[in-house]
Amino acid sequence: MPLASGAEIIHDIRRWSPDSRIIVFTGINAPGLLATIVESGVEGLFSKGSPVDQMREKLPLISQGGRYVASEFLELIQQGQQVSALTDRELQVLNMIVAGKINKEIAEALFISPKTVDKHRTSLMSKLEVHSVAQLLARALKDGLIDVNGV
């Protein structure tokens with residue numbers, strides 16, 4: 001999604017229509033992104049490869065207030081929750097680093113100082129236990145913290 005992340009769209013739907021039941025169909029297999037989707041409070045999360053019968057079977061549960069996450073996502077989501085301690089701002093900074101932005105450009109885009117950007121970068125590296133930007137990018141890709149299609 002080039003203009004907004006799935007989590008941002010879910011947040012907007014909740015704001016505009018708080019009683020809506022949200023079901024996500026995705027081809028994403030990135031643990032961090034899947035964990036973010038689940039943590040945003042969706043009622044259903046299905047793989048695009050899920051059998052139609054599975055969806056048909058689970059829709060009544062969801063419409064009656066239940067939640068469902070496709071079994072193929074459960075282990076990935078648990079992996080993603082281990083790294084979901086990053087703040088929204090840290091994730092914004094991370095995505096801008098991945099896009100090749102320098103501190104000054106990130107600062108201008110987020111209306112913060114370059115020194116604050118540097119603090120976010122340092123915090124990211126500490127939380128993800130890496131020591132260089134190259135390691136940060138590799139870890140972000142491995143853990144599914146970034147959407148490579150959005151880069």
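Taking segment 77-90, which residues are modelled with pLDDT of 80 or more and among the aliphatic types (A, V, I, L, M)? Residues satisfying the conditions are 77, 86.
Among the candidates 44, 100, single out the residue that is modelled with pLDDT of 90 or more and under 28 Å from residue 127 (Cβ atoms). Step through it out loud before you land on a result.
Values: 44 fails: under 28 Å from residue 127 (Cβ atoms).
Testing whether each residue is modelled with pLDDT of 90 or more and under 28 Å from residue 127 (Cβ atoms) leaves just 100.
Can you tell me how many residues within segment 14-45 are over 20 Å from residue 78 (Cβ atoms), surrounded by 14 or more Cβ atoms within 10 Å (Cβ to Cβ) and out of contact with any strand residue (DSSP E or B) (no Cβ under 8 Å at 6 or more places or on another chain)?
Initially, segment 14-45 is screened for residues over 20 Å from residue 78 (Cβ atoms), giving 14-23, 25.
Keeping just the survivors that are surrounded by 14 or more Cβ atoms within 10 Å (Cβ to Cβ) gives 14, 21-23.
The next check asks that each one be out of contact with any strand residue (DSSP E or B) (no Cβ under 8 Å at 6 or more places or on another chain); those that pass are 14.
Of the residues in segment 14-45, 1 are over 20 Å from residue 78 (Cβ atoms), surrounded by 14 or more Cβ atoms within 10 Å (Cβ to Cβ) and out of contact with any strand residue (DSSP E or B) (no Cβ under 8 Å at 6 or more places or on another chain).
Beta carbons closer than 8 Å, at least 6 apart along the sequence or on distinct chains, never pair a first residue in segment 51-65 that is assigned by TED's automatic domain parsing to the domain that holds residue 19 with a second that is small (Gly, Ala, Ser) and loosely packed, with under 10 Cβ neighbours inside 10 Å. Whenever a residue of segment 15-42 is hydrophobic (A, V, I, L, M, F, W, C), its partners that are surrounded by fewer than 12 Cβ atoms within 10 Å (Cβ to Cβ), lying with C-beta atoms within less than 8 angstrom and at least six residues away or across chains, give the pairs 25/48. Taking segment 23-56 only, how many residues are closer than 20 Å to residue 145 by Cβ and part of a loop (DSSP other than H, G, I, E, B)? Qualifying residue count for the region: 7.
The values are calculated or read from the model by the stated rules, or taken from the named source; none is laboratory data. Source: prediction; values computed, not measured. Methodologically, a virtual Cβ is constructed for each residue, glycine included, from the backbone with ideal geometry; neighbour enumeration extends over all protein chains shown.
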